Amino acid sequence: MANLLKLRLGVSDDPSAFQPSLNDCLVALLQQANLLISDVLTGLVAAAMPANARRIAGFQLPGTKLTIQHLSDKAEAVTACYRDELTRLVYEGGGKDQVHTELLRFEDLRLFEDSELDQSIEVARAQQEVMTAVEDVLPALDALMSTLLGWRTIQPGLNPLRPDVFVRALQHCLSVHVPDATVREALIAPAAGLMGANLRKLYRELSDWLRSSGVEPAGPLGGRLNKVGGATGAPVADAMSKTLLTLDRLRKLLAGDFDAQKPVKDFLHTMPASMAMLQEMKQVDALVHKLEQRPKATAPPAPPVDMLAQPAPPAANESAPPRMGLQLGEEVVRLMFDNLAADKRLLPDFKRQLKAMEPAVLKLAEQDSRFFSDRTHPARQFLDRITQRSLAFSDEQDPGWRRFLLTVEDSVRWLGSKVVDADTFGELMDHLQDQWTDHDQVLLQRREDAARALLHAEQRNLLAQKLAAEFALQAEGLEVADFVSDFLKNSWAQVVAEAQLSCVDGSDDPYGYREMVDDLVWSVQKSTATRGRARRLVQMIPSLLAKLREGLDRIEYPPELTARFFNNLITIHRAAVHEGRDAISKAAADEVEAQHSEFSDSAVDAAELWLDSREAQESGYVDSDALAPQQAASPDAMQEEPSAPARAGDMKTGSWVELMVKDEWIRAQLTWASPHATLFMFTSLGGSAHSMSRRTLDRLRAQGLIKVVAERNVVDEALDQVAQAALRNSLDGKP
């Protein structure tokens, strides 16, 4: 198989003959899909043979053996199914329906059906087999594929040929041809192991081919591979040899299947989420039906009561064993706090305060199971707010850090002095908010002012794009100098758009800026030679120039560009007034008309928006033309670039980033994005705003000058790590 692969991949050809593209790699590897699945089927058949040295005991069961034979008989259909699904996933970037270890989320578990839970375990087990086989050759391929994708740093999550794509295709193929879930579960891990062995060969040969063809591998982020930026649950899970945490039990905890130690009066406490949320999701009826179908324990008959008898004292050594729900809840809370303690984005002093809060949260979770299932629970909101606010600080020397830490220390004392319940956390949240209000109010006002200016700029730019198309149509087919055409489509379109937006009476041309476009176009046409043209030009030029200057001043057009435009325009007008009789003025006009236009490069286009000086100052606008050359990303701060979002339009409001501003890394939060996702504003806790266009943001991310610190709540990520630990335990077969 290896030699055949080498021939198909072109390794035996002259390596310098051509430079392979990304599509060449995808096509080359997809050509091996038939061989991959054929070898898997051959291996399964061999493992089902009783006399084979590599037989698998579970494959000797009649149902499993019959299924393997069925797959072998339908090999052509199975192969076509696998090839088609693999092709779809590769070209769609892995598909949107992935459920595996890295994507499993704590909050989603309560909505999982049994089949979805089994599928997630099924896929994760298969992925574990494949990753074990390819882990030594995958990093080299990731580095080379990242280069072909246009990245300077390694982006494993963006590799369209990553292992989980092959696992998803295998799982889909088996789900189509093996309807019995029990048999499919028995087959998928051995099948994935067989596939992993051949995939390892493919990866190695593909890497050799790319290197021999001159493809340079991308470098690790910050010059070294750093895969741990956020919470990680692996050390915690490994430290617990006897754990109750499995995926099925965790789902039951979220669904309220385990009773709390103390009965809760409110029925909502046993629900997976608030009733309002369930109604929005149209799952209330299904949930209630599910609750009604649960078997109800029959209570034993009550013994006769002697009203005169004294109550028996409890035995001294009598103690009820802790319920599984309480043990599991305690384990989840401890794992969550351990994950927070391992999170490198949180500063050490803050982690110590979180550790001091752990007993209070444990006590609350014993009494109120909503803590796990309801993200709006006051305790969850409290933890969310303080951890998210702590992300504003990357160093203990940052301004405002001590003030923030004092409020957290005050919260710890508050929890230690009161009876802990949901109301206590609600009161604490209100108390904290009061302490933060003065500072936040100032920041909020600054953000609102900046957002208002940016929103106006976006509206003006969108309107200017429509006007630009209209002005281009007016000049179409006419002999108009390039610099005038570009001026109309860019700068003057902004002037007219600003005039329309600032008009309160609804007029679309309150100052006559739109109407004068015809006059400007007529005044610079080369072929216009009507009688009396010179006389009309002499009459109209002064008012035309005055109106142009007035409009440009309205949008604060740069003075140097204004002067250059008027110099060129006056040169053409002078030649037109002389009607070509002045050789000097005519030669100067011809030279101006032949020049390359500089106005389109300096003004706005569809990708880079125009902001006047006031708007730019209020919003801290970062112009892409002012960006520094390529710079390296911060070596200490950042986690590996996530696989998504790769583009600015996908970045969520609330995300924390590190941004390079004036050769210095600052921590800031995406606090506003315009309705059409053309402008974005980041704000630091100190109040500084930094806004930019979508093109600038994409460019910064590609250069490593803006790196995502956290796109989701830190507590949610810590709980996601708990769910992933539960999945690992389920794969290991722990009780």
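Please identify the GluC sites (Glu not before Pro) of region 458-492 that satisfy two criteria: DSSP loop assignment and at most 13 other Cβ atoms within 10 Å. Which are they?
Working: sites: GLU458, GLU470, GLU476, GLU479; in loops: GLU476, GLU479.
Taking region 458-492 and a limit of 13 other Cβ atoms within 10 Å, the loop GluC sites (Glu not before Pro) found are GLU476, GLU479.
Show me 205-217, 655-667 ranked by packing, highest mean number of other Cβ atoms within 10 Å first.
Numbers: 205-217: 18.1, 655-667: 16.4.
Top of the packing list down: 205-217, 655-667.
May I ask you to list the residues of region 438-455 whose amide nitrogen lies under 11 Å from a point 7 Å from Cα along the Cα→beta-carbon direction of ARG614?
Answer for region 438-455: 453.
Calculated FRET efficiency, GLU556 and GLU591, Cβ-Cβ r, R0 35 Å, to nearest 0.05?
Details: r = 30 Å, r/R0 = 0.85.
Approximately 0.70, to the nearest 0.05.
Over 26 Å between C-alpha atoms is what I'm after, so list which of LYS489/LYS662; LYS526/LYS547; LYS466/LYS707; LYS344/LYS652; LYS344/LYS707 land there. Mind showing how you got there, number by number?
Working: LYS489/LYS662 33 Å; LYS526/LYS547 22 Å; LYS466/LYS707 34 Å; LYS344/LYS652 22 Å; LYS344/LYS707 15 Å.
The pairs that break the limit, which is 26 Å between Cα atoms, are LYS489/LYS662; LYS466/LYS707.
Residue separation times 0.36 nm, minus the C-alpha to C-alpha distance between GLU409 and THR132: what's the value?
Details: separation 277, 0.36 × 277 = 99.72 nm, distance 4.49 nm.
Contour length minus Cα-Cα distance gives 95.2 nm.
What is the calculated FRET efficiency for ASP208 to VAL577, with r their C-beta to C-beta distance and R₀ = 56 Å, to the nearest 0.05?
Step by step, r from the Cβ atoms, then E = 0.20.
One quarter of the convex hull surface, Cα atoms only: what value does that give for region 128-203 in nm²? The partial results should precede the final answer.
Details: hull surface 20.6 nm².
Taking the Cα atoms of region 128-203, their convex hull projects to 5.2 nm² on average.
When ranked by the protection proxy of mean other Cβ atoms within 10 Å per residue, highest first, what sequence do the peptides 49-56, 704-711 form? All intermediate terms of the calculation are to be shown ahead of the outcome.
Numbers: 49-56: 10.4, 704-711: 22.0.
Those peptides, ordered most packed to least, come out 704-711, 49-56.
Can you tell me the length gained on complete extension of the stretch ALA57 to MET540, counting 0.36 nm per residue apart and subtracting the Cα distance? Mind showing how you got there, number by number?
Values: separation 483, 0.36 × 483 = 173.88 nm, distance 9.67 nm.
Stretched out fully, the ALA57 to MET540 stretch lengthens by 164.2 nm.
Under a Cβ-only charge scheme (Lys and Arg +1, Asp and Glu -1), can you give me the dipole magnitude of region 449-602 about the Cα centre, in debye to the nearest 20?
Numbers: 17 positive and 25 negative charges, 121 e Å.
Using only the charged Cβ atoms, the result is roughly 580 debye.
If you take the beta carbon distance between ASP248 and GLN445 as r and set R0 to 56 Å, what does 1/(1 + (r/R0)^6) give as a FRET efficiency, to the nearest 0.05? Don't skip to the end; give the middle numbers.
On the way: r = 50 Å, r/R0 = 0.89.
The pair ASP248/GLN445 has a calculated efficiency of 0.65.
What list do you get for HIS690, HIS70, HIS578 if you sort them by fewest beta carbons within 10 Å?
Ordered by Cβ neighbours within 10 Å, fewest first: HIS70, HIS578, HIS690.
In nm, give the distance between the simple-model label positions of VAL504 and ASP349, each being 7 Å from the Cα along the Cα-to-Cβ direction.
Distance between label points: 5.1 nm.
Could you tell me the convex hull volume per residue, in Å³, taken over the Cα atoms of region 449-602? If you can, show how the numbers build up before the last one.
On the way: hull volume 17.8 nm³, N = 154.
Convex hull of Cα atoms, per residue: 116 Å³.
All of the numbers you see were taken from the coordinates with simple rules; none came from a lab. Since this is a predicted model, take the numbers as computed values, not measurements. Neighbour counts run over all protein chains shown; Cβ positions are idealised from the backbone, glycine included.
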